[in-house]
Amino acid sequence: MKGCCFIALVTILYGCSGDGNDIVAKISFENSKMIETTLVTSEFTGCLNDIRSAGNKIVVLDLQCSENLFYVFDYPDFKLLGKFGKTGRGPSDFDFPQIIDLEKKENGEYFLWVNNVNRKQIQAINLDSALSGNENPQTKIVLKPSALPAFQIAFLDESKNKFIGRTDHMSQGIFFIYDNQKAEKMWVENYPNLFESASENEKGTIFHSTLCINTDSSRVLTALRMFPRLNLFNIQGVLLKSLIINKEANSSVSVTDGKKLLTHQSEYFCIDAISSKDKIYVNYLVQTTYQDITDHPEKIKSYVLVFDWSLHLLNTFKLDRYVEKFVQVKENEFVGYSVDKDGLKPLVKFALPL
C-alpha cells in the first residue's frame, strides 16, 4: 500500500516504561479525522461472527441467526452470490467453525479455509463448488491432539503445516506456534506483569488477544482486548516491542486468588486488528465497557489506529458508528459489520484517506 498519511492530525508522544521493551504512546483522540460509514444495501442481515475478503469476493460467517453458516457476496456491488454450510454431524457439516482465510488462487478459484473446531479439522472449501451444492472440502488437515484447542489460526507457510493460534482457557501462553507434521507446539508466554496472583489457566482469558501475522517480515502482532497494549514478536516468539496506548489500566478487571473478575463494566480496548504487508489497523474503543456495547451499540464510535510493522503510529481515525469487525478490500477501502439496537449486524463500508 502506498500513499501519504495525515500525520499532522495525530498528536503522539512516545516514552519508555520500566521494561526495556515497553513503549508508551500518548495519543490525543480528539484530533482524529471523522470517517463516514455507509450501510451496505444487501439481501442479508444476520448475527455475524466473522468476515473475510479476497479479490472481488466477501464471505461472512453467521453462527446464530441464519439457516446457513457462510454467505458469499461480490464486491463492490454486494450482490448475494449464495450461501452454504450447516451445523451438524454429517460429512460436510460444521461444528463451531471459524474462518482462517479466504484465498484467491492464480487460476481465479477461491478457497475458504475453515477451522472446524469441534471436528478437529482444518478444511479448504472451493467456493464455486460449495455454491453449486458440493460442500465437500477439497483439502482436510486433521489436527493432532497436541494442537488442540486451537482458535484464531493463521498459517505460517504455504504447506499449511505450520500455524500460530491461541486458546481462551487452559492456555500456557498468549499464543502458540505449531508444526502439525512434527506435532510440536511452542507456547509464547510474555504476559504483561499485571496480576501476579493470576493462574496460568485464567491468563488466556484475561489477556485475550487478536493475532496478526506478517509473513514477509516474519512478525506477529497481538492486540489485547481488555488492555490498551500491542505486542510485537518475531516468528520464533521473541518479544521485540510492547506498546501501551496512553496508560495501561483497566480498573474493572482484577484477580483474586488466581480467579479472574471480569464484569459487564470491564472496559474494552483493542476489539480487533487486521494487517496488510506494511500497515496494521487496530479497531480501538475509548472508555467503552461490555455493558455499553450490549445495551447501546448505536452510541459507540470505533477508532481506527494505523501503525506500521515497527509499531510507529501513522494516523488515527474516528468512525461515525461502532464497527465490530472489518476487512480491507482495496488499498483504502474497508468492509465490516456494525451492531444495531436489535443486536443484528448489518454490513457497512468506509474509506480511509491515503
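Observations, loosely collected:
- For the stretch 88-110, filtering for residues that are under 25 Å from Gly165 (Cα atoms) and either in a strand (DSSP E or B) or in contact with a Leu (Cβ under 9 Å, 6 or more places away or on another chain) (or both) leaves 11.
- Subset of the stretch 72-101 [surrounded by fewer than 21 Cβ atoms within 10 Å (Cβ to Cβ), of a type in the set (A, V, I, L, M, F, W, C) and within 21 Å of the chain's Cα centre (by Cα)]: Phe96, Ile99
- First in the stretch 229-242 and on the phi > 0 side of the Ramachandran plot, second anywhere and among the β-branched types (Val, Ile, Thr) and part of a strand (DSSP E or B), Cβ under 8 Å, 6 or more apart: Gly237/Ile177; Gly237/Val188; Gly237/Val220
- Wholly within the stretch 122-169, strands (runs of 3 or more DSSP E) carrying at least 3 residues that are over 23 Å from Gln236 (Cβ atoms): 139-142
- Unmet requirement for Trp113, which otherwise passes all of (1) out of contact with any Leu (no Cβ under 8 Å at 6 or more places or on another chain); (2) within 22 Å of Asn180 (Cβ to Cβ): (1)
- Out of Leu69, Leu63, sole residue that is modelled with pLDDT of 90 or more, more than 18 Å from Val304 (Cβ to Cβ) and buried (at least 17 other Cβ atoms within 10 Å of the Cβ): Leu69
- Asn283, sole failed condition from (1) of a type in the set (S, T, N, Q); (2) in contact with a Phe, Trp or Tyr (Cβ under 6 Å, 6 or more places away or on another chain); (3) within 20 Å of Met226 (Cα to Cα): (2)
- Flag for Asn234 being at pLDDT below 90 and of a type outside the set (Val, Ile, Thr): no
- Scan of the stretch 298-328 for residues that are of a type outside the set (Val, Ile, Thr), closer than 15 Å to Phe269 by Cα and assigned to a loop (DSSP other than H, G, I, E, B), ordered by number: Lys301, Ser302, Tyr322
- Among the residues of the stretch 313-354, just one is small (Gly, Ala, Ser) and farther than 14 Å from Val40 by Cβ, namely Gly343.
For every residue, the table says whether it meets (1) free of Cβ contacts under 8 Å to residues at least 24 places away in the same chain; (2) under 30 Å from Asn250 (Cβ atoms); (3) among the small types (Gly, Ala, Ser); (4) buried (at least 17 other Cβ atoms within 10 Å of the Cβ).
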{"residue": "Asn136", "(1), (2), (3), (4)": "no, no, no, no"}
{"residue": "Val142", "(1), (2), (3), (4)": "yes, no, no, no"}
{"residue": "Ile153", "(1), (2), (3), (4)": "no, yes, no, yes"}
{"residue": "Gly165", "(1), (2), (3), (4)": "no, yes, yes, yes"}
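- For the stretch 48-60, taking the residues that are part of a strand (DSSP E or B) and not hydrophobic (A, V, I, L, M, F, W, C), the one that is surrounded by the most Cβ atoms within 10 Å (Cβ to Cβ) is identified as Ser53.
- Scanning the stretch 63-87 for residues that are within 14 Å of Arg52 (Cα to Cα) and assigned to a strand (DSSP E or B) returns Phe70, Tyr71, Val72, Phe73, Asp74.
- Some residue of the stretch 189-208 being assigned to a strand (DSSP E or B), surrounded by 20 or more Cβ atoms within 10 Å (Cβ to Cβ) and either modelled with pLDDT under 90 or of a type in the set (D, E, K, R) (or both): no
The values are calculated or read from the model by the stated rules, or taken from the named source; none is laboratory data. Computed from a prediction, not measured in an experiment: that's the story for all the values here. Neighbour counts are summed over all protein chains in view; Cβ atoms, including those assigned to glycine, are modelled from backbone coordinates with ideal geometry.
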